[in-house]
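Q: Supplied in structure tokens, the structure appears directly below.
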Amino acid sequence: MKLLFINGVNLNMTGTREKGVYGSQSLEQINKEIAGHFKNDECEFFQSNIEGEICAKIQSAQCDGIILNAGAYTHYSIAIRDAISSVKIPVVEVHMSNVHAREDFRHVSVLSAVCKGVVLGFGKNSYILAGESFKL
Ligand code: DQA
């Protein structure tokens, strides 16, 4: 199975920013653990702070499933929502933190309705749980 893990804006700062929320491991370390978990699958990792690059990556994806943590774009990017709607590949929305236990503006996702499902609140394991969902 080919899985594409996309991380959006500010996720490159994981391990440095708000360690109490996102942990102290870097995104690179987390991606290594994910690749180790899915060692019998093909994993691709992509991160961008740029909304249009995330849209382009979704549009050109050739994989069985996309695991997407769009970061703050989750809460307002109609462009990323439309990119998800424009492809046939299923997308699972992911958040490391439990966004519903945080500020009100994080309770809204403009992406969830066009995603296959949502996994949130399990730290780095949110990515693994989302990836596993494609195998059910
Ligand atoms: C996040 C939650 C978002 O609200 C926030 O803007 C992020 C990270 C998470 O993984 O918990 O950047 O998507």
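The values are calculated or read from the model by the stated rules, or taken from the named source; none is laboratory data. This one's a predicted model, so the numbers in the text were calculated from it and none came from an experiment. Glycine gets a Cβ as well: all are built from the backbone with ideal geometry, and neighbour counts include every protein chain shown.
Q: For segment 41-53, state whether one or more residues are within 11 Å of the chain's Cα centre (by Cα) and either loosely packed, with under 15 Cβ neighbours inside 10 Å or within 13 Å of the ligand (Cβ to nearest atom) (or both).
A: Residues of segment 41-53 that are within 11 Å of the chain's Cα centre (by Cα), as a first pass: 45-47.
Filter once more, keeping what is either loosely packed, with under 15 Cβ neighbours inside 10 Å or within 13 Å of the ligand (Cβ to nearest atom) (or both): 47.
Yes.
Q: A follow-up question, please. Working only within segment 62-76, note down all residues that are surrounded by fewer than 20 Cβ atoms within 10 Å (Cβ to Cβ) and of a type in the set (A, V, I, L, M, F, W, C).
A: Cys63, Ala72
Q: Quick check: anything in segment 16-39 farther than 17 Å from Gly123 by Cα, surrounded by fewer than 16 Cβ atoms within 10 Å (Cβ to Cβ) and either without any contact (Cβ under 8 Å) to a residue 12 or more places away in the chain or out of contact with any helix residue (DSSP H, G or I) (no Cβ under 9 Å at 6 or more places or on another chain) (or both)?
A: The answer is yes, given that some residue of segment 16-39 is farther than 17 Å from Gly123 by Cα, surrounded by fewer than 16 Cβ atoms within 10 Å (Cβ to Cβ) and either without any contact (Cβ under 8 Å) to a residue 12 or more places away in the chain or out of contact with any helix residue (DSSP H, G or I) (no Cβ under 9 Å at 6 or more places or on another chain) (or both).
Q: For the structure I just gave you, tell me whether Phe46 is in a loop (DSSP other than H, G, I, E, B) and either at positive phi or of a type in the set (A, V, I, L, M, F, W, C) (or both).
A: No; evaluated as a whole, the condition is false for this residue.
Q: Ok, one more. Kindly evaluate Glu51 against the criterion of being of a type in the set (D, E, K, R) and under 24 Å from Ile80 (Cα atoms).
A: yes
Q: Out of segment 1-17, which residues are β-branched (Val, Ile, Thr) and within 9 Å of the ligand (Cβ to nearest atom)?
A: Val9, Thr14
Q: Moving on. Scanning for something touching a residue at least 60 places away in the same chain (Cβ under 8 Å), within 13 Å of the ligand (Cβ to nearest atom) and surrounded by 15 or more Cβ atoms within 10 Å (Cβ to Cβ), does segment 77-87 turn up at least one residue? Step through it out loud before you land on a result.
A: As a first pass, look at segment 77-87 and keep what is touching a residue at least 60 places away in the same chain (Cβ under 8 Å): 80.
Those left that are additionally within 13 Å of the ligand (Cβ to nearest atom): 80.
From what's left, surrounded by 15 or more Cβ atoms within 10 Å (Cβ to Cβ): 80.
There is at least one residue in segment 77-87 that is touching a residue at least 60 places away in the same chain (Cβ under 8 Å), within 13 Å of the ligand (Cβ to nearest atom) and surrounded by 15 or more Cβ atoms within 10 Å (Cβ to Cβ).
Q: A follow-up question, please. If Pro90 passes every condition in (1) under 13 Å from the mean Cα position of the chain (by Cα); (2) surrounded by 18 or more Cβ atoms within 10 Å (Cβ to Cβ) but one, which one does it miss?
A: Unmet for Pro90, out of (1) under 13 Å from the mean Cα position of the chain (by Cα); (2) surrounded by 18 or more Cβ atoms within 10 Å (Cβ to Cβ): (2).
Q: Take Met1 and decide whether it is farther than 16 Å from Ala130 by Cα, modelled with pLDDT of 95 or more and not hydroxyl-bearing (Ser, Thr, Tyr).
A: When the stated conditions are applied, Met1 does not pass them.
Q: What do you reckon, is Arg106 basic (Lys, Arg), surrounded by fewer than 16 Cβ atoms within 10 Å (Cβ to Cβ), near the ligand (Cβ under 10 Å from one of its atoms) and on the phi < 0 side of the Ramachandran plot?
A: no
Q: Scan segment 34-48 for residues that are within 15 Å of Asn69 (Cβ to Cβ) and not hydroxyl-bearing (Ser, Thr, Tyr) and jot them down.
A: Correct list: Ile34, Cys43, Glu44, Phe45, Phe46, Gln47.
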